[in-house]
Structures are given as C-alpha cells and as structure tokens.
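Input: a single structure, listed below in structure tokens.
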C-alpha cells in the first residue's frame, strides 16, 4: 500500500489539516485498503483556488505554442510512466489489466494528443464584418470534478483543454480512485508546468464540494458524475453565474433490427453493455429487439452472459472485474431485485455474489427479458453488468422507446440498411450515436441531451468549454 496521499497546491505537495480526516480507498477485487488519502478541508480548497487565481494572468498570457509544448512534454512523461498508470487504475477501481492498458490508461495520452491537434487546427482569431475580429480567450479559474469509473479519461479530457486554453485549475478526483489522479499530478509536476496552474485536492463532495463550486473566484466548473450531483452543483454555481459543463447519467438504447446479423449484433451489444463491468455512462443497457427475432435474440444474449468470465484485474485476458465498491455492489443488487419483483424474466445472472468469488465485489452478468420501458430497470441507470431486452414492432416504436428516457447521452442502432440506420440516428435524442458497432474518435464531441448534461468534451469541442468569445470592432481600422 502506498504512503498517505497528499494534495498538490501551488506546486507543492500538501498534507491537509488533520480535521479533514483520512479516506481508505479499497481495492474492489480484494476488499483490502489500497491507498490512504489525506482529505482536504475548505481551507485547502480555498488555498488551491487562490493559487489558481494567482497563476492565471501569467498562464493566460503564455503564448499558445509554449502551452502546447508543455502539454506535449506531459504526453511524453505519461508515456514513459504508462505501465504505472495501468496498474494504478486496475488497483483502485478493478479494471482488468488488458482493459486498463488498452483503453483506460490509453485515454490519457489519447485525449491530450487530440487536444493538441485540435488547438493547432482551430482558428483562435478570425475576421468578422468590415473591421472586426472574433477572438478566443481562457475563461479563467476552473474546477474539474471527475469520477472513478474512467478516471484518467475524464481527467485528461478536462485538464488537457483547460491547460491549452490558458486556464488554471483545481482538480478534485473521486476519493475512490485516488491513485491515478495522484500519478497524473506527479506527471504534471515532472513536465514543469508553472506553480498554481494545476492544483489537485483530494476530498469528499460533502466536505469541500460546496466550497469549490460556489467560490466567487471560480469561473467555470466541469463535472462528470451522477445527475443528482450535477443538479446540486448547478444550484451551487448559480449564485455567481459560473459556466457549468456537465456529463451526467445515461440509459442508452441499442436498437437491433432483424436484418442486422443477429448473432454478431446481439453478442456485440451484450459485450458493450458489460464492458468495464457495466460501469460506463454510455453503455448500451437497453437492447431494443425487433419483435420477429426477439426470442432468438434473448437466447443469444443469455448464452453470451453465461459465458462471460469474471476474474482478477491483475490477470491478463478478456474477463470482467469487480464493481468499484460494496456500496455500489449493494445498489446493483437492489436494482436486480427490483427487476425480478416487477415481473421481468431473469434469463442470466441474478442477485448475490458471483459463484467462486468469496471476496471482491463481483456481480453476476445479468440479462432480463420481458421488459417494458416503464420498469425501474429500464429507466434507472444500474451502472453494472445488467442488460434489459425490450421488443418493438416497427421503426417508429423503436425510436419512441429509445427516446422515452430522462437521459440522452448515447445511442446505438444495428441494421444492414444503412439508409435506415442514418435516418434513425438523426431521430434519436442523444448526444452521440454508434451505427453497427463503430466506436467514437477522440476528436468527436461527447456529451448528452436532457438529464445527461450540457456542454461537449473531446477535441475542439472540449476546448470551447474553457474559452470565452470576444468580438472587437474597429480592430482592423488603419
């Protein structure tokens, strides 16, 4: 186990006041403590904001090329320490080694490189009218609040564009996934960013969340997490009229037509739902199946779920790890039981610990058939390896069911008819759509409609969240 984790404020590693207490992060595969985190109080949160404010003018005035050069140095440091990040993520949140190596850790340099590319392609100034220009400037001091499920993905896609835009920042990562954030802060220090540009505070939302989100010296908040927490943050920020960008919950529909190549389409859909042990906000957790092939699709999904292996995150291979915590395991159990109680047909998995795992928060890969869209398991985000299967009669009903959700983060459609796929993709009320299993590029915008949030991350779209737009008339008058 690592030593007590400190926060990083004004270029120094800081041990918070004892009043903040200590959080013990748990390895979800072993249920052992994997890190002890010294939690910040409002005093450290205020100090981090003050450090970011003091550094802002100098960093904002730093030429873009110089900012990009430092981010490129950060990329080099990250790649040199890549294996450390793989182990950190597997340890803290249970991502299997191959997933951590190939996707979780890879998203760090992936997002940073995309941000650099987007900045170089972007028109930072452009002419308007006969004598004016429009220019982009950093918004100011930003608070970045990130989750545990894709820890480095969400840190990199916020910190990268904030740095490039010329903002200074305070990062508050999830206390349940502190190792990857700590390592990232070490990389920032090694890359040589000026003191105060990047600050890291470990802490709970209850203890320091309101301080960070309501502070008058904070100009912008970027938050990824639950819709419930997002609502509270928006309320906290409202009094000082901050910009708030949020990526929140999801309950993504996956529409599968009879002509999709059913074996491949259903198998892919189950695997995508179960990926990261179901702990992804864009997971396709509602599989909508054309009525004529519904029973066949249910049989395929049940077989795939029963064949899905669970295993040690340290082991190589294509298996699922545990969910992140006992509290989260218990929540998933309650939702699976709700599905049973409401009359859904359990065709794979169910409640209780997965067989053969006496320790670790291993959930049985679960599939429900006979589901209608008003059931709890069809409306609430389970955030675990739980799939619900809903039949539909025709294209119109499929789109209606898909859009009948408080969320609108992502959506999926599987059909051999590309014209139909394109038509449906335009009608689905979601921030992103995948056709026939395609994956999203780092340069494409990511974010949602409705209660899935506002704003967009990744590439140039992520940069815009951290920039103000200024028009200057008379700029080109001799």
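General observations
- Checking each residue in the range 5-22 for being closer than 20 Å to residue 187 by Cβ and in contact with a strand residue (DSSP E or B) (Cβ under 8 Å, 6 or more places away or on another chain) picks out 5, 6, 7, 8, 9, 10, 13, 14.
- Out of 347, 304, 371, 298, sole residue that is in contact with a helix residue (DSSP H, G or I) (Cβ under 8 Å, 6 or more places away or on another chain), part of a helix (DSSP H, G or I), modelled with pLDDT of 95 or more and farther than 30 Å from residue 175 by Cβ: 304
- Number of residues in the range 311-344 that are within 18 Å of residue 87 (Cα to Cα) and crowded, with 21+ Cβ neighbours inside 10 Å: the value is 6.
- Residue within the range 10-23 that is under 24 Å from residue 95 (Cα atoms) and surrounded by 16 or more Cβ atoms within 10 Å (Cβ to Cβ) present: yes
- Flag if residue 196 is modelled with pLDDT of 95 or more and closer than 21 Å to residue 93 by Cβ: no
- Within the range 374-387, the set of residues being over 17 Å from residue 413 (Cβ atoms) and touching a strand residue (DSSP E or B) at 6+ places or on another chain (Cβ under 8 Å) comprises 375, 377, 378, 381, 384, 385, 386.
- Only one of 347, 304 that is closer than 23 Å to residue 266 by Cα, buried (at least 18 other Cβ atoms within 10 Å of the Cβ) and out of contact with any strand residue (DSSP E or B) (no Cβ under 7 Å at 6 or more places or on another chain): 304
- As a summary of the residue check, residue 284 satisfies the conditions (1) out of contact with any helix residue (DSSP H, G or I) (no Cβ under 9 Å at 6 or more places or on another chain); (2) crowded, with 22+ Cβ neighbours inside 10 Å except for the one numbered (1).
- One residue stands out among those in the range 267-291 that are under 16 Å from residue 415 (Cα atoms) and part of a strand (DSSP E or B): the one that is farthest from the chain's Cα centre (by Cα), which is 290.
- Scanning the range 258-270 for residues that are surrounded by fewer than 23 Cβ atoms within 10 Å (Cβ to Cβ) and either touching a helix residue (DSSP H, G or I) at 6+ places or on another chain (Cβ under 7 Å) or not assigned by TED's automatic domain parsing to the domain that holds residue 307 (or both) returns 258, 262, 263, 267.
- None of 431, 474, 437 is surrounded by 21 or more Cβ atoms within 10 Å (Cβ to Cβ) and touching a residue at least 24 places away in the same chain (Cβ under 8 Å) except 431.
The values are calculated or read from the model by the stated rules, or taken from the named source; none is laboratory data. Keep in mind it's a predicted model, so treat the numbers as computed, not measured. Using ideal geometry, Cβ is built from the backbone for each residue, glycine included, and neighbour counts are taken over all protein chains shown.
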